[in-house]
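The values are calculated or read from the model by the stated rules, or taken from the named source; none is laboratory data. Computed from a predicted model, the values in this text were never measured in an experiment. Positions of Cβ are backbone-derived with ideal geometry, glycine not excepted, and every protein chain shown enters the neighbour counts.
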Amino acid sequence: MEANERLGGALRKLVFGLLLVLLSASSACAIVPQNRRQYLADPSMPAQDDGLERRATRKFHTSREGAAGADGKPAGGGCSCGN
Amino acid sequence: MKARQVPTANRRGAAVAVGIERGLRAARLLASGCFWIAAAAHAEPASDAAILGQSDQGVRIDEFRLRMTTFYQDGHGYQSQAGTIAGPGSERALIVQPMMLVGIRQSSRIHHEVVIPIDIVSAASVNALDVISHASAVNEAIGVELTSRFDLTDDDRLTSNITWHEEEPFGSGSFGLGYSRAMADDNATLGISGQATFDRFDYLQPNGDRYGRRNRTALNGNLSFLQLLSPTTVFDASYGLTFQQGTLETSYNSVPMEGGTSRAKELFPHSRTRHAVQARVAQHLPESHTTLRAAFRYYTDSFQLSAHTAEFELHQYLFPRLLARGSFRYYAQTGVDFFSSALPLQTSPLQPRTADSDLAEFHAQEYGLKLLWLVRGQSSLDISWFHYSRDNGLDANIISFGYGGGL
């Protein structure tokens, strides 16, 4: 019960933090002009990640660990494993 | 017409000046603390088309990728019957996973992506019912995933996805919708998405018998946010909520009973609510042609399982077209509150129980290396290796080859 409350408290703080970031982003100013983004398109940056590699890695982790999610995909289902 | 003659002394002086300038530039790079090899390497700037997007040329294939991944794992888990009745059984398995991705641009505002994944699971022990069905020693699975993007305006994007997956004792279908809005001249992007997944599977028992079919459903919602912090820094954060309902256990898993003479069938609660929050940052260092990436995820669910995941990556250009990546991942989870490796004899048959090593308390470490060769244009060839190690008795090696990219 105590562990449950502790987890709930931690989760509330994290969600609150995320909402704070979202709110601050809604008033974001243009700090990086379009003509200065060549490094953001580098193959080593997240936007250029290989979707198939990401998929294979995710499947490996979700079928061997109890945690998943926060990557735009459901944390469960679609797999014959019960994790 | 005669070319203008430059006096020899002047040419020598100019060459010396250029040499000195190059030497100073190299010294500055070395003094800045970058790797020596990076002094000769540089990232090729992305083409205008890659940054600004292609013009409208009708329907065409604009991306093609192939990947072959092989997982070999060895270890022991109490849910497996490939051992003694009371002890953990083998979880040894070899999984071969070829995949193909095709990107289709329908117009300047509509894009589709088709992924075809195939899984071939070969268990070393034919008694390992937790890995395979009793019908064969090899289990094959195939699926199709279609993701479509619709750019409603320059700032608003709608995405949809439909997935179908089929394997010997199991079938699954899902669909989802998402919306994202770019703000502040594309410096920030907010996204929201939802997905529903419907699974249907044979109700296989630990002794191999089949009792009809069972279902489970997963409903999922996501919030995401991306922010450019500088010309070389990207930050993103996301939250995911998943609600599952139905037969959630792996029906052929079993739990050793106290005394070591028998096993009971695994049983999960009928529903599960899962929360996950993640934050990631990526920093490119142009002078040394290095990219550093870090990520953290916190997870909790109604089974009382909570987990922390930390990931670090170092990407380094060794040569202009050769990129190396080193990575480290640390994962720690508490077990579910109904985990037991020796179930008391007086336990009610309706009380949830599991001995699945994936749901026990453990820590896991993973480290990996990858080499990516930028072949030409936007195509690349890569090879990677990971080693995954859990402190409750599971080790795995993953080797992956990939080829493809934008066309």
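Computed quantities for the displayed model
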{"item": "Matching residues in segment B:258-272 - criterion: being at the interface with another protein chain (Cβ under 10 Å from one of its Cβ atoms) and over 15 Å from B:Ala355 (Cβ atoms)", "result": "B:Arg272"}
{"item": "Strands (runs of 3 or more DSSP E) within segment B:159-239 that include 2 or more residues in contact (Cβ under 8 Å) with a residue 60 or more places away in the chain", "result": "B:188-204"}
{"item": "Hey, B:Asn253 buried (at least 18 other Cβ atoms within 10 Å of the Cβ), modelled with pLDDT under 90, more than 22 Å from the chain's Cα centre (by Cα) and not acidic (Asp, Glu) or not", "result": "yes"}
{"item": "Matching residues in segment B:195-207 - criterion: being away from chain A (no Cβ under 13 Å) and either among the aliphatic types (A, V, I, L, M) or more than 11 Å from B:Ser251 (Cβ to Cβ) (or both)", "result": "B:Asn207"}
{"item": "Residue in segment B:245-257 that is β-branched (Val, Ile, Thr) and more than 10 Å from every other protein chain (Cβ to nearest Cβ) present", "result": "yes"}
{"item": "Segment A:32-53 residues that are at the interface with chain B (Cβ under 7 Å from one of its Cβ atoms), paired with ones that are basic (Lys, Arg) (beta carbon under 6 Å, 6 or more apart)", "result": "A:Leu52/B:Arg65; A:Leu52/B:Arg67"}
{"item": "Selection count where residues are hydrophobic (A, V, I, L, M, F, W, C), at the interface with chain B (Cβ under 7 Å from one of its Cβ atoms) and surrounded by fewer than 23 Cβ atoms within 10 Å (Cβ to Cβ), scope segment A:57-81", "result": "2"}
{"item": "Neighbours by Cβ (under 7 Å, 6+ apart or cross-chain): first from segment B:77-102, among the aromatic types (Phe, Trp, Tyr); second in a loop (DSSP other than H, G, I, E, B) and at pLDDT 90 or above", "result": "B:Tyr78/B:Ala355"}
{"item": "Qualifying residue in segment B:70-82 (condition: under 30 Å from B:Thr354 (Cα atoms), part of a loop (DSSP other than H, G, I, E, B) and either modelled with pLDDT of 95 or more or facing chain A (nearest Cβ under 10 Å) (or both))", "result": "yes"}
{"item": "Condition met for B:Thr261 (modelled with pLDDT under 95, farther than 19 Å from A:Arg54 by Cα and among the β-branched types (Val, Ile, Thr))", "result": "yes"}
{"item": "Selected residue (criterion: farthest from B:Asn253 (Cα to Cα)) from residues of segment B:397-407 that are assigned to a strand (DSSP E or B) and modelled with pLDDT under 95", "result": "B:Gly406"}
